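Presented below is the structure to which this report refers.
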Amino acid sequence: MKTMVVYARGPLEALRRLPAGSTRVVLWDEERAPELERAGIPFRPLSSYVDAVEHERIEQVAMAWTKAVGRRPVRAGLGMRELLRFGGGPSLWWWAELYLHHSTEATRCVRLVESFNRLLEAEAPEEVQALGLGDDEALLLSRACTAWRVLYDGPAPRPRRGRQLLLVSLRSRLNTVKTLGSALKATLLGRPPRPRQPGASRPTSVLFLSHAAFWRERLDPHSDTRVDYEHYFDRILPEAAAQPDLEPFVVAVGPGAAFRRRGLARRLGEWLRLSADTGRYVHVNRYTRLRVFRQAWRATGQARRLWRELRSAPGLLEALSHSGVRFGDLVADGFAATLLLQVPWAARSLAETDEVLRAVKPDLLALYAESSGWGRAALQAAREAGIPSVALQHGILYPTYFSYVHEPDEGECPRPTRTAVFGTAARDFLVARGGYSQGALVLTGSPKFDALLAAAARWDRAELRARLGLAPDQRLVLLASRFRGIRSTHQAVGSAFPALVRAVAGLPGTRLLVKPHPAEPAAPYEAVLRETGATSARVLPPSSDLLELLCACDLLVTVESLSAVEALALGRPVVVLNVPTNLADLVEAGAALGVPEGQDPGPALAAALSDPATRQRLSAARDAYVTAVAGGLDGQATARIVALLRSTALPRTPPRREPPAAAC
């Protein structure tokens, strides 16, 4: 009997007892490969079945699955799009789909089923055994075998989600209380600040929707003082403020620190503090009036009723399946959270942004991350108020960027009036996958590259390197990445960081500096350096100026970060770890070197730093890639975006001139 054994972890004795010749061992956890090799046990790694091309296909399948859940009838012939249309407002499905796709285990189940299907198709076994898989993985493998009519021998533990469902319900009720608390605090604080009083003679009012966690301080090179700046709007805000016909007004959403950097003390402090105003912005919570609470409360009640009706509905159980493999029992708590947590939050966000627009009365909404939950809420509120919007590209758009992908029947999903994109690559993606019209997309280049060009002309590279403690003859490798991925569709450097530290230590005269992502702490990197005893690496504060570091470095290492394109713009070579990642296009274009997951990055680092042929090849590919992604580098991106804001805003009506009085 041909047997396939899917092995993840556990004693190797069970593998040694398997009959040779008729058994195929598939290594699920590839970190165990050296152990199996030392034991002389033949195996095939999972990556030999699910390679980069297959991985990309599976991600596309997972996105299509989420989209299909919105359309598939689940009750009385209606799909989730229709069932989440409470009253006469928009369907809250456009917010629910984001949570379902990114914050529940549903799409992970789809990916697992697709991976198991690939194994079963390739090996065509008569029997499948599972050793050391996680409970959910083993259960899904058993169900996939049933769908393929293959004998399964292994654990298939039944899921227990009762406790998780209770916690979701309690969190939902707590969120209602928190919304009421926010409304009461906002009422006590009174009317929030606003721009100048409306009038025909006032400048064009531009409402910038920011994220509170992305406000920073830095040294102004012209005044030699510390100044505030917003990580993504950056120089656009002061440039708009300098225009006599524009009046920027900033409203921020979210906590003042990224979620992963907020401890309990900080959370309590934010809750107990009466005002969140900082002078940099007005926080959206200042607009959380009792009307906002009532809308969120009504949405919570409607979502609860819908969950009670759907939780055992055959249509929903059928929707929460893939390729004949059901997993509704595995994701019941995640689907409950989609309805009980995300849907009321969406209703609250819509009501809050509506309150902001009523109070500020802007002529234009400007924002980034416009495909996120907050972005969609702001765009929907602006659409209903008749206020045009401009979105600013804030990162690399990759083929599996779910929130930007829209199918032809998704015209209702909020999108901006116009979008400023860095280059032709983003424009082509949004037209092909996002359903955007060509006329709504404007090639502006990136303000970050404006700053990069200005910095390169202004900074003394030798002085920057000396300030970082580098000797004149030392080479600097800079790591800029996330330690942990923000979701399953994003790669991170955590698993590859120890190997990177060892590789740099093996390169004479080379130092490694780590720039953590602004939304992450430095602690995980520091822990690895302590464990490895590294002496040639150092972790910088997350607030360190990335542009200065790019100017000072000799090589950038990343996994998935826009800093890769910024490094290319400065002429620095780039090495991408853990490929395939969402920077696959950069590697495929030959503009960067890629190191597959689990491989030693040492040879790539040495080649990018020292091999003339490699450096020449990278340089030749770099220019074409930067042109496509960044639209060229002429230093005028900020000016083009400000002009776009001006041209998209509602037209200002000039003040009516009274005729001169007749002479007596």
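The values are calculated or read from the model by the stated rules, or taken from the named source; none is laboratory data. Just so it is clear, the model here is predicted, and its values are computed rather than measured. All Cβ positions, even for glycine, are placed from backbone atoms using ideal geometry, and neighbour counts span all protein chains on display. For accessibility, only protein heavy atoms count, side chains too; no ligands or nucleic acids. Shrake-Rupley method; radii C 1.70, N 1.55, O 1.52, S 1.80 Å.
Within the stretch 513-525, the set of residues being surrounded by 15 or more Cβ atoms within 10 Å (Cβ to Cβ) and either touching an Asp or Glu at 6+ places or on another chain (Cβ under 8 Å) or not aromatic (Phe, Trp, Tyr) (or both) comprises Leu513, Val514, Lys515, Pro516, His517, Pro518, Ala519, Glu520, Pro521, Ala522, Pro524.
Taking the criterion of being modelled with pLDDT of 90 or more and on the phi > 0 side of the Ramachandran plot, would at least one residue in the stretch 431-444 satisfy it? For the stretch 431-444, residues modelled with pLDDT of 90 or more and on the phi > 0 side of the Ramachandran plot: present. Only one entry of Arg304, Arg291 meets the criterion of being assigned to a helix (DSSP H, G or I), of a type in the set (D, E, K, R), open to solvent by less than 40 Å² (accessible area, probe 1.4 Å) and farther than 30 Å from Ala241 by Cβ, and that entry is Arg304.
This table checks each residue for (1) over 19 Å from Leu478 (Cα atoms); (2) in contact with a strand residue (DSSP E or B) (Cβ under 9 Å, 6 or more places away or on another chain); (3) open to solvent by 20 Å² or more (accessible area, probe 1.4 Å).
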position: Ala592; (1), (2), (3): no, yes, no
position: Ala604; (1), (2), (3): no, yes, no
position: Ala624; (1), (2), (3): yes, no, yes
position: Leu633; (1), (2), (3): yes, no, yes
position: Val642; (1), (2), (3): yes, yes, no
position: Leu650; (1), (2), (3): yes, yes, yes
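Looking only at the stretch 550-568, residues that are of a type outside the set (D, E, K, R) and more than 23 Å from the chain's Cα centre (by Cα) come to 4 in all. Of the residues examined, Phe86 is one that is of a type outside the set (S, T, N, Q) and modelled with pLDDT under 95.
Within the stretch 358-373, residues that are within 14 Å of Gly386 (Cα to Cα) and among the basic types (Lys, Arg) sit with their Cβ atoms under 7 Å from residues that are open to solvent by 10 Å² or more (accessible area, probe 1.4 Å) and assigned to a loop (DSSP other than H, G, I, E, B), at 6+ positions apart or across chains, in these pairs: Lys361/Pro198. The residue that is farthest from Cys553 (Cα to Cα), counting only those in the stretch 526-536 that are out of contact with any Phe, Trp or Tyr (no Cβ under 8 Å at 6 or more places or on another chain) and open to solvent by less than 40 Å² (accessible area, probe 1.4 Å), is Ala527.
The single condition among (1) under 26 Å from Asn578 (Cβ atoms); (2) part of a helix (DSSP H, G or I); (3) open to solvent by less than 60 Å² (accessible area, probe 1.4 Å) that Arg433 does not satisfy is (3). Of all residues in the stretch 520-538, at least one satisfies being over 23 Å from Trp459 (Cα atoms) and among the basic types (Lys, Arg). With respect to the conditions (1) open to solvent by 60 Å² or more (accessible area, probe 1.4 Å); (2) farther than 23 Å from Pro344 by Cβ; (3) charged (D, E, K, R), Glu247 lacks only one, and its number is (1).
Under the condition of being in contact (Cβ under 8 Å) with a residue 60 or more places away in the chain and in contact with a helix residue (DSSP H, G or I) (Cβ under 8 Å, 6 or more places away or on another chain), the residues counted in the stretch 1-46 number 13.
Of the numbered conditions (1) in a helix (DSSP H, G or I); (2) open to solvent by 20 Å² or more (accessible area, probe 1.4 Å); (3) among the aliphatic types (A, V, I, L, M), Leu500 satisfies every one except a single condition; which is it? So Leu500 meets the others, but not (2).
Conditions (1) assigned to a strand (DSSP E or B); (2) in contact (Cβ under 8 Å) with a residue 12 or more places away in the chain; (3) aromatic (Phe, Trp, Tyr), marked per residue:
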position: Ser561; (1), (2), (3): no, yes, no
position: Ala564; (1), (2), (3): no, yes, no
position: Gly571; (1), (2), (3): no, yes, no
position: Asn578; (1), (2), (3): yes, yes, no
position: Val587; (1), (2), (3): no, no, no
position: Gln616; (1), (2), (3): no, no, no
position: Arg622; (1), (2), (3): no, yes, no
position: Thr627; (1), (2), (3): no, yes, no
position: Asp634; (1), (2), (3): no, yes, no
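Within the stretch 537-550, can one find any residue that is assigned to a strand (DSSP E or B), surrounded by fewer than 20 Cβ atoms within 10 Å (Cβ to Cβ) and in contact with a Leu (Cβ under 9 Å, 6 or more places away or on another chain)? Yes, the stretch 537-550 contains a residue that is assigned to a strand (DSSP E or B), surrounded by fewer than 20 Cβ atoms within 10 Å (Cβ to Cβ) and in contact with a Leu (Cβ under 9 Å, 6 or more places away or on another chain). The residues of the stretch 352-411 that are in contact with a strand residue (DSSP E or B) (Cβ under 7 Å, 6 or more places away or on another chain), open to solvent by 20 Å² or more (accessible area, probe 1.4 Å) and not in a loop (DSSP other than H, G, I, E, B) amount to a single one, Trp374. On the stretch given as the stretch 137-159, residues that are modelled with pLDDT of 95 or more and on the phi < 0 side of the Ramachandran plot total 15. Evaluate the following for Leu464: is it open to solvent by less than 20 Å² (accessible area, probe 1.4 Å) and of a type outside the set (Val, Ile, Thr)? Spelling it out, Leu464 is indeed open to solvent by less than 20 Å² (accessible area, probe 1.4 Å) and of a type outside the set (Val, Ile, Thr).
Residues are listed down the side, and each one gets a yes or a no for (1) without any contact (Cβ under 8 Å) to a residue 12 or more places away in the chain; (2) open to solvent by 20 Å² or more (accessible area, probe 1.4 Å); (3) part of a helix (DSSP H, G or I):
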residue	(1), (2), (3)
Lys448	no, yes, yes
Ala451	no, no, yes
Phe483	no, yes, no
Ala492	no, no, no
Arg511	no, yes, no
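Restricting attention to the stretch 117-127, the residues that are closer than 25 Å to Arg57 by Cα and open to solvent by less than 40 Å² (accessible area, probe 1.4 Å) add up to 5. The number of residues in the stretch 589-610 that are on the phi > 0 side of the Ramachandran plot and without any contact (Cβ under 8 Å) to a residue 60 or more places away in the chain comes to 1. Scanning the stretch 556-578 for residues that are among the aliphatic types (A, V, I, L, M) and open to solvent by 30 Å² or more (accessible area, probe 1.4 Å) yields Leu562, Leu570.
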